[in-house]
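Each value in this text was obtained by applying a stated rule to the coordinates, not by laboratory testing. Keep in mind it's a predicted model, so treat the numbers as computed, not measured. Cβ coordinates were reconstructed from backbone atoms using ideal geometry, including for glycine residues, and neighbour counts include every protein chain displayed.
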Amino acid sequence: MRMSPERHGGVLRLRAGCYEEYKRYHAQVWPEVLALISSCHIRNYSIFHHDGLLFGFFEYWGEDFTADMDRMKADPIMRHWWDLMEPMQEPLPTRAEGEWWARMEEVFRHE
């Protein structure tokens, strides 16, 4: 386990008219989804909303981010969760190839 986390931020659009449904789902995230997120070494995960944009932030405490993300992508319950979330989301056209949430550069931190 690492001594300090990698910090990750991402952004995407929430489709018009989906805010209440998206918020309702996230008020009761399935326990299996939360357990998988934790088992993939993700901590301090938050999603914020403003003017149709979603900003996600989390800390990664593991040793192999790619392997943990691949494990998450392969999980059938997580895939089902994403199948419900993705129609409510609209990735930014400026995101990098292969990204759903556009990664953001951290430009300031105060601890």
Subject >> Estimated FRET transfer efficiency (Q28, F55; beta-carbon r; R0 25 Å; 0.05) >> reply: 0.75
Subject >> Fewest-first sequence of R43, R13 by Cβ atoms within 10 Å of each Cβ >> reply: R43, R13
**OP:** Could you pull out every residue, at least 5 positions away or on a different chain, whose amide H is within less than 5 Å of the one on E90? Hs are placed 1.01 Å off N in the peptide plane, and Pro or chain starts have none.
**Re:** R13, L14, R15
Subject >> Cα gyration tensor category, rounded, prolate or oblate, for the chain with a/c compared to 1.5 >> reply: oblate
Original post:
Using alpha-carbon pairs under 8 Å, 6+ residues apart, how would you state the relative contact order of segment 27-103 in percent?
Top reply: 22 percent
